[in-house]
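The values are calculated or read from the model by the stated rules, or taken from the named source; none is laboratory data. Just so it is clear, the model here is predicted, and its values are computed rather than measured. Reconstructed Cβ throughout: ideal geometry from the backbone, glycine too, with neighbour counts over all protein chains shown.
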Amino acid sequence: MSEFVDSVSPENVIVVGVDGSPQSTAAVDWAATEADRRRADIRLVYAWSPVVGAFSGAEAMQPAYVETLEEYGRTILDQGAAQVTAAFPALTVTTELCRSQPAVELLEQSERALMTVVGAHGSNRILGMLVGSVALRLATHGTGPVVIVRDEPPTGPGREHPVMVGLDGSDSSEEALSFAFEEASFRHTRLIAVRTSPGAPGDSYLVPYLTETDLQDIEAEQHRLLAEQLAGWSEKYPDVPVHPLVLRGPAAAGLLGLDNENGALPATPALLVVGSRGRGGFTGLLLGSVGQALVAHAVGPVCIVHPRAR
């Protein structure tokens with residue numbers, strides 16, 4: 001593992017967890033393209049633990065078993081490095097083979113990475129699981145931007161695939177907004193900034209006693225709050241067209257509805273961005289319900305932006 005010299009400023013390197021699975025391959029592709037945009041280096045990390053796999057205990061520590069796992073890891077890393085170099089020959093690629101639990105290793109590396117990228121599922125995917133344990137732990141406990149890649153990223157001209165960010169005015173969403181503007185600028189695309197408002201009358205779990213007039217007033221207030229949160233950002237990023245959008249209904253459903261192309265957007269967003277916790281958070285719950293839903297169900301890549309140590 002790299003030796004880190006301080007606890008705040010990230011290195012200009014994108015860390016990617018690899019394991020040879022199809023979604024790991026997609027994560028490497030996504031990260032390599034991102035590193036090329038940002039003129040960053042890329043670090044491929046294969047982590048393994050001798051007590052995870054077909055054997056355990058003393059049998060798992062036999063030299064032949066350890067050698068087999070390490071050789072497999074080196075092969076995966078070599079394949080990933082070749083994949084990056086074939087697409088972007090000028091990128092600096094390093095690889096790390098670590099004897100550690102994958103989630104533990106990647107969580108530690110996220111503390112100094114520009115961002116950390118993993119596939120939504122690893123090679124040990126369990127049927128019916130919507131997101132793997134490593135991806136979920138990173139999304140919940142990581143540092144800085146953590147990107148979960150479920151499928152191949154959208155292709156085509158950048159402006160056909162905007163960046164979308166979910167906002168609620170919290171400090172966490174402010175960090176997400178900063179990252180989303182930066183990302184849209186690097187991609188030369190537009191930014192869709194989304195807030196949500198209570199749904200239609202009769203949504204018993206939200207607004208059982210509100211009239212349509214009440215809902216319209218609340219929606220107007222959400223538009224005002226969204227404009228307030230966006231104020232000043234266009235001066236910092238004049239190259240990024242911004243489309244503010246207020247949706248009725250739960251935040252996760254709204255963002256996923258857009259992601260599933262319900263007509264509000266012409267194409268799948270290139271990236272969905274949210275903060276790690278919103279205003280509705282409970283003490284000790286590190287990943288908000290919106291982030292959990294996006295990680296589990298979004299079609300394209302999702303970025304959970306975590307705060308860094310101050």
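Let me spell it out: the conditions are (1) within 25 Å of Arg137 (Cβ to Cβ); (2) modelled with pLDDT of 90 or more, and Gly284 meets all of them except one. Which number is the exception?
Of (1) within 25 Å of Arg137 (Cβ to Cβ); (2) modelled with pLDDT of 90 or more, only one is false for Gly284: (2).
Only one of these is closer than 22 Å to Leu138 by Cβ, assigned by TED's automatic domain parsing to the domain that holds Glu108, at pLDDT 90 or above and outside any helix (DSSP H, G or I): Val45, Val51, Val28, Val84. Name it. Steps first, please.
Values: Val51 fails: at pLDDT 90 or above; Val28 fails: outside any helix (DSSP H, G or I); Val84 fails: outside any helix (DSSP H, G or I).
So the residue among Val45, Val51, Val28, Val84 that is closer than 22 Å to Leu138 by Cβ, assigned by TED's automatic domain parsing to the domain that holds Glu108, at pLDDT 90 or above and outside any helix (DSSP H, G or I) is Val45.
So, of the residues in the stretch 1-25 that are among the hydrophobic types (A, V, I, L, M, F, W, C) and at pLDDT below 75, which turns out to be nearest to Thr94 (Cα to Cα)?
As a first pass, look at the stretch 1-25 and keep what is among the hydrophobic types (A, V, I, L, M, F, W, C): 1, 4-5, 8, 13-16, 18.
Those left that are additionally at pLDDT below 75: 1, 4-5, 8.
Numbers: Met1: 11, Phe4: 16, Val5: 19, Val8: 22 Å.
Per the criteria, the residue is Met1.
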